[in-house]
Structures are given as structure tokens and as C-alpha cells.
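> Once you've had a glance at the structure underneath, I'll fire off some questions.
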Amino acid sequence: MYVERKPLTDKFLHSSCHWGLDRRSQEFDAIVRRYADAYNQELIKAEEKCVLDKYFADDRTSSEYLYDVFNAWIVEDLVVMWLENGMSKFCDDFFIKKTGSDSDRKFQFSDAHKITTETDLMCGFGTTSRKVEVQFSSKVRLSGYDMKCGKVQRGKCEGSVFLWIVSANGTYFICDPRKDLEGIEPMPNPFWGGKITYRLTPDRIKSFRVKDGLCTAFIDMVTQPEVV
């Protein structure tokens, strides 16, 4: 399946207003430029540097996978900024910590065993926190949004929350795998190399506008103690 991969600067630069981050536009654009520059440098070495395990690459080339990783890093950093902006409006005593295996932004591609499935972020207020898995879709998917079976099962065990950003229409939604995926049967996704996934359909989704900031539902989830 063909996926258009626009230059990262074309995709993200000067878009802080869409995230409700007008006052942090310079910081926002600096993040985009930093990753775009690093991506262009790494792209030259991609074919010789990236030895990809088929499980992680799916049907992508090394350069396509490299692009997707940088795209994900930009999104995660922008989401952190957006969460900081939103959580600060509810309480000063908040924290956000990157916890994923790529949180140091160093490539792990040459050894697939170094790529873990650890959750992206830890968000909380005071002594209460919740693990947050950031998911991103560049398109509005009328058939629903897929999540890999392993991530869902781990999310259920850890009490994680899935935060989905849909860039095509500037919305986001939250998925609590313990509640929102109840009764859904996992199925193979042919576009992901046949990996088993759970699909969250639109009738189970309540969307919010990104530029309007964090909804109280997210704050309520984060402030609830984990039940493991």
C-alpha cells in the first residue's frame, strides 16, 4: 500500500496554531527543524545503517522506516509540549516523562532485540500517574483505528491509556483498552504484514479538537491510580 511521505518541514512547520500552541511557535518550529535536519543527514546512510527486522519493518524500505521513526519522534515531542500546556491548566504539580525504548532518540535499528515495546510516556499529578501510549494517524479512517495485539494486551495489564492524534482533521481521542476494546475480536491487518490487531471503530470513539486542549476525560484517567 502506497503511503505519501511529505517532507517533514512541509508537514509540521508553522503548524503550532493547529495544536493551540501559538505562544510557543518558535519552540515548536525549532523541534521540527531539528528532527528534519537530523533525518536528512541519516537518510544518506539509511541503506547501510538500518538493518531491519521484518517484524518492525512490515513492507517498508529502510528509508521509509527511517522517515516513519522521525515522524513519530516529532509527533511525540509535540504531544509532550501540548500535554504540558494542557495539564498546567489543571494543576501546577504535574509531570510528563518519556519512557519508550527510543526516548534517547538513538537508533536501535541494527539490533531488533534493542527495540522494546515500552509505553511512550508517563503522565501524572503529584504521586498519581498513568502510562500513555501515543498513536498517530495522518488520515481519518472511517473503518476504524488499529492497535497491535501486543500493545493492547500490555496496555490492559499496565493500565495504560492510548492517546490518538488524527492530523487530517486536527482531532484526538482517548482509548482505555480495558473498557473501550471490550468485546472486540482481534484480527490480522494485511497492511501491517498480517499482524494481529484490535480495531476501534468510529461508533466507539469520542473525538475532541486538538487546538481546544486537553479534555477532562484525559485528566480523569491520568489522576486515577493504576490498577494492575
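The values are calculated or read from the model by the stated rules, or taken from the named source; none is laboratory data. All values derive from a computational prediction rather than experimental measurement. Quick reminder, even Gly has a Cβ in these numbers, built from the backbone with ideal geometry, and neighbours come from all protein chains shown.
> Go through (1) assigned to a strand (DSSP E or B); (2) within 24 Å of Met122 (Cβ to Cβ); (3) of a type outside the set (Ser, Thr, Tyr) and name the single condition Cys157 misses.
Only one criterion in (1) assigned to a strand (DSSP E or B); (2) within 24 Å of Met122 (Cβ to Cβ); (3) of a type outside the set (Ser, Thr, Tyr) is unmet by Cys157, namely (1).
> Which residue pairs have Cβ atoms closer than 7 Å, lie 6 or more positions apart in sequence or on different chains, and pair a first residue in the range 150-178 that is over 14 Å from Leu200 (Cβ atoms) with a second residue that is part of a loop (DSSP other than H, G, I, E, B) and hydrophobic (A, V, I, L, M, F, W, C)?
Hits for this filter: Cys157/Val228; Glu158/Val228; Gly159/Val227; Gly159/Val228; Ala168/Val140; Asn169/Val140.
> On to the next question. I'm told Arg178 meets every condition in (1) part of a helix (DSSP H, G or I); (2) surrounded by 18 or more Cβ atoms within 10 Å (Cβ to Cβ); (3) of a type outside the set (A, V, I, L, M) except one. Can you identify the failing condition by its number?
Here Arg178 clears every test but (2).
> Shifting gears a bit: Given (1) assigned to a helix (DSSP H, G or I); (2) out of contact with any Lys or Arg (no Cβ under 7 Å at 6 or more places or on another chain); (3) surrounded by fewer than 16 Cβ atoms within 10 Å (Cβ to Cβ), identify the lone condition not met by Glu185.
In the conditions (1) assigned to a helix (DSSP H, G or I); (2) out of contact with any Lys or Arg (no Cβ under 7 Å at 6 or more places or on another chain); (3) surrounded by fewer than 16 Cβ atoms within 10 Å (Cβ to Cβ), Glu185 misses (1) alone.
> A further question on this structure: Could you tell me which residue of the range 202-217 is surrounded by the fewest Cβ atoms within 10 Å (Cβ to Cβ), considering only residues that are of a type outside the set (Gly, Ala, Ser) and farther than 21 Å from Asp22 by Cβ?
For the range 202-217, the residue satisfying everything is Asp203.
> To continue, here is another question. Report yes if Arg199 is out of contact with any Phe, Trp or Tyr (no Cβ under 9 Å at 6 or more places or on another chain), of a type in the set (D, E, K, R) and surrounded by 14 or more Cβ atoms within 10 Å (Cβ to Cβ), otherwise no.
no
> How about the range 8-32: which of its residues are surrounded by 14 or more Cβ atoms within 10 Å (Cβ to Cβ), in a helix (DSSP H, G or I) and either of a type in the set (A, V, I, L, M, F, W, C) or without any contact (Cβ under 8 Å) to a residue 40 or more places away in the chain (or both)?
Leu8, Thr9, Phe12, Ser16, Trp19, Ser25, Phe28, Asp29, Ile31, Val32
> Continuing with the same structure: Looking only at the range 134-146, decide whether some residue is in contact with a Gly (Cβ under 6 Å, 6 or more places away or on another chain), outside any loop (DSSP other than H, G, I, E, B) and either free of Cβ contacts under 8 Å to residues at least 12 places away in the same chain or within 21 Å of Ser88 (Cβ to Cβ) (or both).
no
> Still on this structure, I have one more. Which of the numbered conditions does Val3 fail, given that it passes all the others? Conditions: (1) among the β-branched types (Val, Ile, Thr); (2) more than 21 Å from Val222 (Cα to Cα); (3) at pLDDT 70 or above; (4) not in a helix (DSSP H, G or I).
(3)
> Return yes when Val140 is hydrophobic (A, V, I, L, M, F, W, C) and surrounded by fewer than 17 Cβ atoms within 10 Å (Cβ to Cβ) and no when it is not.
Against the criterion (hydrophobic (A, V, I, L, M, F, W, C) and surrounded by fewer than 17 Cβ atoms within 10 Å (Cβ to Cβ)), Val140 qualifies.
> Follow-up. Count, please, the residues in the range 17-76 that happen to be modelled with pLDDT under 85 and touching a Gly at 6+ places or on another chain (Cβ under 9 Å).
Adding up the residues that qualify gives 5.
> Go through (1) under 14 Å from the mean Cα position of the chain (by Cα); (2) in a strand (DSSP E or B) and name the single condition Ile196 misses.
(1)
> Only one of Asp203, Asp180, Asp220 is more than 17 Å from Phe125 (Cβ to Cβ) and either among the polar types (S, T, N, Q) or out of contact with any strand residue (DSSP E or B) (no Cβ under 8 Å at 6 or more places or on another chain) (or both); which?
Only one candidate passes the filter, namely Asp203.
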